[in-house]
Amino acid sequence: MKSCGLIIIALLLLSSNAAHAVDCYKCDYGACLFPTVKSCSFGEVCMTQTASTSSLPITVHKRDCLSLLSCGSESSETYLGVTVKATRSCCYSNLCNSAIKSKVSVVTGVAALLALCFTKLF
């Protein structure tokens, strides 16, 4: 069922982005303060990979392009006795894998405008 959903999403993306590749932020673990912008290849989407350990309170991120079929995957590897779990999450629009969430819901935007109008009236 999950693969069927991914195929449908892939077809929708390919039909809407056939002439345009998605641009994504790219940075390696620990170096995401100043990410670069990368144009993904055909069939790739933006990805944020989060790596964490249960023994250390550290979480690091990596951003890049990734094949649509690899989205949502998890992996675990052990380095020097410490198990690191990595989870990949994907998004599908230009520069959507930013650490800063800039989207504002319509309700929040309307509420902010109304509040601004009322402060000007009183």
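The values are calculated or read from the model by the stated rules, or taken from the named source; none is laboratory data. Quick caveat: nothing in here was measured; it's all calculated off a predicted structure. Please note: Cβ atoms are built from the backbone with ideal geometry, for glycine as well, and neighbour counts cover all protein chains shown.
What is the residue count in the stretch 10-35 for residues that are modelled with pLDDT of 75 or more and farther than 10 Å from K62 by Cα?
Total meeting the criteria: 6.
Filter the stretch 53-68 down to the residues that are surrounded by 14 or more Cβ atoms within 10 Å (Cβ to Cβ) and either small (G, A, S) or in contact with a Gly (Cβ under 8 Å, 6 or more places away or on another chain) (or both) and list them by number.
Scanning the stretch 53-68 gives V60, S67, L68.
Run down L114, L69 and say which single residue is farther than 16 Å from D28 by Cβ, in a helix (DSSP H, G or I) and modelled with pLDDT of 90 or more.
L69
Residues in the stretch 41-66 that are modelled with pLDDT under 90 and part of a loop (DSSP other than H, G, I, E, B): how many?
Qualifying residue count for the region: 5.
Consider the stretch 43-98. How many of its residues are small (G, A, S), touching a residue at least 60 places away in the same chain (Cβ under 8 Å) and in contact with a Phe, Trp or Tyr (Cβ under 8 Å, 6 or more places away or on another chain)?
Final tally of qualifying residues: 1.
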